[in-house]
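S.K.: My structure is below; once you've seen it, I'll send some questions.
The values are calculated or read from the model by the stated rules, or taken from the named source; none is laboratory data. Just so it is clear, the structure is predicted and the values come from calculations on it, not from any experiment. Positions of Cβ are generated from backbone atoms using ideal geometry, with glycine treated the same way; all protein chains shown enter the neighbour counts.
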Amino acid sequence: MTRTTLRIAMNGVTGRMGYRQHLLRSLLAIREQGGVDAGDGTVLWPEPVLVGRREHALRAIADRHGLEHWTTDLDAVLADPATDIYFDAQITSAREPALRKAIAAGKHIYCEKPTASGLAGALELARLAERAGVRHGVVQDKLFLPGLRKLKRLIDGGFFGEILSVRGEFGYWVFEGDWQPAQRPSWNYRAQDGGGIVADMFPHWEYVLHGLFGRVRSVQAEVVTHVPRRWDERGKPYEATADDAAYGVFRLEGGAVAQINSSWAVRVHRDELVEFQVDGVEGSAVAGLRRCRVQHRSATPKPVWNPDLPLTESFRDQWQEVPDNEEFDNGFKAQWELFLRHVALGEPWGWDLLAGARGVQLAELGLRSAAEGRRLDVPELTL
C-alpha cells in the first residue's frame, strides 16, 4: 500500500474538545487503525502538527502520544508548504482571524463551530474559501451519532409518514464552580468572550434539523441567564454575562414544528443528555445519543385521561428498540475520515463553511428574536 500523508495544523488541541474528540478519538484513532483506506491501494495518513499558545502543554501532549511536531508559531506552520490542512478548535472569538490567515495561506479548512462571532464574518469566510479554491468543512458531529443515524434510517424508510413535530431536550446542570468545579470552561458564560448557549447550541440544531427534516424557515426564542454568578478556573467569582438557557420554536420546511430546549441549568430526568421525539402520522420515535425507540400507529395504545385513577401501564414499555444493524464509530472520527477523503480524493462533501454560516445565522436570529419578542424568518443564504 502507498501512504499519502496529510499534514494537519491542529489549533486548540490543549482544550477539552480539541484534545479528546479531535486528536485522541479521531486522528490518533485513525492512525491506530492504519489510516484511511482510499480503496485504490493508497492509505491516507494524518500527521498532526499541534498548535497553541502554551508550549509546556503542547510538549506534554506530544510526548504522551509520541508526536513529533508542535509549535506556538501559527504563522510559521501556515507558511510551511508541507501543511495541507488547518483545523481550528479554539474559542470562538479567536477562530475567525485564524481561519482568514489559513485561507490566505491556501490551506484546506476544517473547524469547529460557530465559525465566527457573527453572520457577516461567517459568510465572508465561506466566500474567501471559495475564491481561494480550498476545500472547507465544519464539524457537524451530531449527525453521526448512533441514535440520530437510526432516526435518519427511519426517515429515509418512510416510517413516519407525514412528520408533524420534533421536540428536543438538551442539557444538564453545570456546577457554578464554587463548591464543585464546573464541567465547562468559564468563557462559555461570558458574552464578551463569545460564550452563550445560543451561540454554542443553535448551530447544532440548525444542521440537525436541516439534515434530518428540512431547512429552518423561522425561529422564535426565549433566552435566559438563569445562574448570574459563577466561579472561574482559579476559583474567582465572575458575573455570567452570557445566556445559559434557550427555549426555541422552529418552523421547518414542509410545515413541521420543532421545539428545542437547551439548558446548562437543568437536572437530567431523561435517558440521555440529548433526546429528540419525532411524531408523525404513521409513527413516532425518540432518539438520543445512542438509542432510538419507536411506536408505530398499529401499536399505539389508547390512553384515556382520568386523574382520579392511578396509572396501571408503563408508557415507556410500549416502545420498541431500533436495532443497530451496523457498527457505529465515533462521530467526530467518522466525519474526519470523510473530510480527509474529500481533501485527498475530491469525494462529495456537504458540510462546508456555508453550512457553518447557517448555524451562525440561526444563533444570531435566535438572540434577536428573544430581544425583540417576536418570530423571525430565516432567509436562505447564498455566496
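S.K.: Mind checking which pairs have a first residue in region 311-336 that is not assigned by TED's automatic domain parsing to the domain that holds M17 and a second that is among the hydrophobic types (A, V, I, L, M, F, W, C) and loosely packed, with under 10 Cβ neighbours inside 10 Å, Cβ under 7 Å, 6 or more apart or different chains?
M.R.: Close Cβ pairs satisfying both conditions: none exist.
S.K.: Only one of (1) touching a His at 6+ places or on another chain (Cβ under 9 Å); (2) farther than 25 Å from R290 by Cα fails for T225. Which number is that?
M.R.: Going through the list (1) touching a His at 6+ places or on another chain (Cβ under 9 Å); (2) farther than 25 Å from R290 by Cα, T225 breaks only (1).
S.K.: Determine whether A122 is out of contact with any strand residue (DSSP E or B) (no Cβ under 9 Å at 6 or more places or on another chain), within 24 Å of R16 (Cα to Cα) and modelled with pLDDT of 95 or more.
M.R.: yes
S.K.: Tell me the residue from A9, A29 that is touching a strand residue (DSSP E or B) at 6+ places or on another chain (Cβ under 6 Å) and either closer than 21 Å to A344 by Cα or polar (S, T, N, Q) (or both), please.
M.R.: Just one listed residue meets the conditions, A9.
S.K.: Now a separate question. Taking only pairs six or more apart or across chains, which ones have beta-carbon atoms under 9 Å, a first residue in region 56-77 that is without any contact (Cβ under 8 Å) to a residue 12 or more places away in the chain, and a second residue that is part of a helix (DSSP H, G or I) and not basic (K, R)?
M.R.: E68/A62
S.K.: Taking R131 and the conditions (1) surrounded by fewer than 15 Cβ atoms within 10 Å (Cβ to Cβ); (2) within 20 Å of R358 (Cα to Cα); (3) touching a strand residue (DSSP E or B) at 6+ places or on another chain (Cβ under 7 Å); (4) not hydrophobic (A, V, I, L, M, F, W, C), which numbered condition does it fall short on, given that it satisfies the others?
M.R.: All conditions are met except number (3).
S.K.: From G161, G168, which residue is in contact with a strand residue (DSSP E or B) (Cβ under 6 Å, 6 or more places away or on another chain) and surrounded by fewer than 18 Cβ atoms within 10 Å (Cβ to Cβ)?
M.R.: G161
S.K.: In the list D232, D200, which residue meets the criterion of being farther than 25 Å from G331 by Cβ and in contact (Cβ under 8 Å) with a residue 12 or more places away in the chain? It would help to see each step written out before you state the result.
M.R.: Values: D200 fails: farther than 25 Å from G331 by Cβ.
Matching residue, one of D232, D200: D232.
S.K.: Scan (1) under 30 Å from Y110 (Cα atoms); (2) buried (at least 17 other Cβ atoms within 10 Å of the Cβ); (3) in contact with a Gly (Cβ under 6 Å, 6 or more places away or on another chain) for the single condition L289 breaks and write down its number.
M.R.: Unmet condition: (2).
S.K.: Report the residue count in region 36-51 for those that are farther than 17 Å from F339 by Cβ and free of Cβ contacts under 8 Å to residues at least 12 places away in the same chain.
M.R.: Summing the residues that are farther than 17 Å from F339 by Cβ and free of Cβ contacts under 8 Å to residues at least 12 places away in the same chain in region 36-51 gives 1.
S.K.: Of the residues that sit in region 153-200 and are of a type in the set (D, E, K, R) and outside any loop (DSSP other than H, G, I, E, B), which one is nearest to S284 (Cα to Cα)?
M.R.: Step by step, filter region 153-200, then rank; the result is R167.
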